[in-house]
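The values are calculated or read from the model by the stated rules, or taken from the named source; none is laboratory data. What you are looking at is a predicted structure, and each value in this text was computed from that prediction instead of being measured. Here the Cβ is made from the backbone with ideal geometry for all residues, glycine too, and neighbour counts use every protein chain on show.
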Amino acid sequence: MIPKRILLTGAAGLLGGVLRRSFAGQFQLLRLSDIVSLGEAGEGEEIVTCDLADAAAVEALCKGMDAIIHLGGIPYETGWPELLRSNIIGTINLYEGARRAGVDRVIFASSNHATGMHPNDRTLSGESPARPDSRYGLTKAIGEDVAALYAYKHGIRSFCIRIGSCLPKPDNKRALSTWLSHGDFVRLVQVGLKADYVHEIVYGVSKNTRSWWDNSAAYRLGYEPQDDAEVYAAEVGDIELKTDLARNYQGGNFVPDEFSGRKEWLD
Ligand code: NAI
Ligand code: 15L
């Protein structure tokens with residue numbers, strides 16, 4: 001079934017804006033939701049202000065939707081209470097609302113920081129185990145498991161995208177491996193809206209020459225990335241990766257931040 005009525009959470013954010021612009025006029029209904037202002041609704045759009053931590057409001061938000069693109073949440077490292085509220089409770093509320101509303105599928109914005117403590121000389125796939133580099137990364141790993149519960153137990157197709165660095169263009173050396181162009185982001189979300197899967201975890205990455213990720217599962221489902229960060233290799237610097245941990249592990253600067261572990265355990 002090709003979804004006609006789509007809910008986009010986190011629609012006021014950076015990536016929400018990319019999808020809002022790209023999806024304008026493409027669906028019977030695009031319901032845009034965020035906790036902050038979304039401006040005026042355009043043609044085919046509906047705007048609903050909603051806090052993801054409010055279960056009743058989220059249940060109402062999901063009603064009548066065929067598919068949900070769940071981008072809403074905190075996209076950086078911060079304290080447990082905020083992350084628990086927006087990312088963990090928010091994602092549970094979203095899936096529970098989807099179940100009650102009979103939604104066919106959810107595309108969940110996970111993050112490469114769910115696996116950021118893996119070294120960057122290792123090629124990971126969606127089947128690689130979580131190794132979060134932060135409280136934030138852990139919320140994404142938990143989100144992937146919430147997605148599995150609702151896929152296998154309740155029949156909601158779940159497409160988890162471990163997004164790399166979704167930027168107009170790569171702006172540092174790490175991003176030569178992790179970059180996801182805006183165009184490829186839209187293409188990957190479109191795969192999530194159409195493809196046949198149950199619970200799939202893929203990486204949100206362009207066809208970068210230096211990618212750390214084997215994304216063959218996404219390719220099998222129809223993803224055809226168009227961009228390669230290598231085109232920008234001569235322009236980017238390495239100034240922001242200041243420690244060995246940041247340089248050698250996939251999560252970059254998230255890895256040394258608050259690090260109090262044993263380096264010899266990080267094989
Ligand atoms: P963003 O911060 O620009 O957008 C997130 C939106 O979620 C914001 O508009 C915010 O108001 C909303 N939000 C936060 N808490 C909320 C709550 N309790 N209820 C309702 N809305 C709430 O972030 P961005 O960059 O657009 O990221 C979107 C998603 O993709 C996030 O889940 C992020 O973790 C994930 N991601 C993004 C990456 C990137 O390169 N931009 C990389 C990896 C993952
Ligand atoms: C993320 O998960 C963040 O939301 C984004 O701001 C970047 O830090 C990105 O990962 C990245 O790893 O570059």
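Assorted remarks:
- Within the range 169-227, the only residue that satisfies the criterion of being of a type outside the set (D, E, K, R) and modelled with pLDDT under 95 is Asn172.
- Residue pairs meeting the criteria (Cβ under 8 Å; at least 6 apart or on separate chains; first part of a strand (DSSP E or B), in the range 80-106; second basic (Lys, Arg) and at pLDDT 95 or above): Arg105/Arg157; Val106/Arg157
- Considering the conditions (1) of a type in the set (Phe, Trp, Tyr); (2) out of contact with any Pro (no Cβ under 8 Å at 6 or more places or on another chain); (3) surrounded by 20 or more Cβ atoms within 10 Å (Cβ to Cβ), Trp179 is excluded by exactly one of them, (2).
- Top-ranked residue in the range 12-32 [being within 16 Å of ligand 2 (Cβ to nearest atom) and touching a residue at least 12 places away in the same chain (Cβ under 8 Å); ranked as farthest from the chain's Cα centre (by Cα)]: Ala12
- The listed residue being within 14 Å of the chain's Cα centre (by Cα) and farther than 17 Å from Asp267 by Cα, out of Ser110, Ser86: Ser110
- Residues (over 24 Å from the mean Cα position of the chain (by Cα) and in a loop (DSSP other than H, G, I, E, B)) located in the range 237-258: Gly237, Asp238, Ile239, Lys242, Thr243
- Candidate set from the range 96-110 (those that are farther than 9 Å from Gly143 by Cβ and within 16 Å of ligand 1 (Cβ to nearest atom)); member that is surrounded by the most Cβ atoms within 10 Å (Cβ to Cβ): Val106
- Filtered residues of the range 194-212 (kept if crowded, with 21+ Cβ neighbours inside 10 Å, more than 12 Å from ligand 1 (Cβ to nearest atom) and either touching a residue at least 60 places away in the same chain (Cβ under 8 Å) or among the basic types (Lys, Arg) (or both)): Glu200, Ile201, Val202, Trp212
- Positions within the range 151-162 being surrounded by fewer than 24 Cβ atoms within 10 Å (Cβ to Cβ) and touching a residue at least 40 places away in the same chain (Cβ under 8 Å), in sequence order: Ala151, Tyr152, His154, Ile156, Arg157
- Hits in the range 61-74 (condition: in a loop (DSSP other than H, G, I, E, B) and either under 13 Å from Phe108 (Cα atoms) or over 17 Å from the mean Cα position of the chain (by Cα) (or both)): Lys63, Gly64, Met65, Asp66, Leu71, Gly72, Gly73
- Taking the range 25-55 as the range and being in contact with a helix residue (DSSP H, G or I) (Cβ under 9 Å, 6 or more places away or on another chain), among the aliphatic types (A, V, I, L, M) and either assigned to a helix (DSSP H, G or I) or within 13 Å of ligand 1 (Cβ to nearest atom) (or both) as the test, the residues that pass are Leu32, Ile35, Leu38, Val48, Leu52, Ala53, Ala55.
- Residues of the range 153-181 that turn out to be within 14 Å of ligand 2 (Cβ to nearest atom), outside any loop (DSSP other than H, G, I, E, B) and in contact with a helix residue (DSSP H, G or I) (Cβ under 7 Å, 6 or more places away or on another chain), as a count: 10
- The residue list Glu200, Glu224 contains one member that is under 18 Å from Ala114 (Cα atoms), outside any helix (DSSP H, G or I) and charged (D, E, K, R), which is Glu200.
- Per the listing Tyr136, Tyr150, the residue uniquely within 13 Å of the chain's Cα centre (by Cα), assigned to a helix (DSSP H, G or I) and of a type in the set (Phe, Trp, Tyr) is Tyr136.
- Condition met for Arg122 (over 30 Å from Arg210 (Cβ atoms) and away from ligand 2 (no atom under 16 Å from the Cβ)): no
- Just so you know, in the range 1-10 the residues that are away from ligand 2 (no atom under 16 Å from the Cβ) and assigned to a loop (DSSP other than H, G, I, E, B) include one that is farthest from Cys166 (Cα to Cα), and it is Met1.
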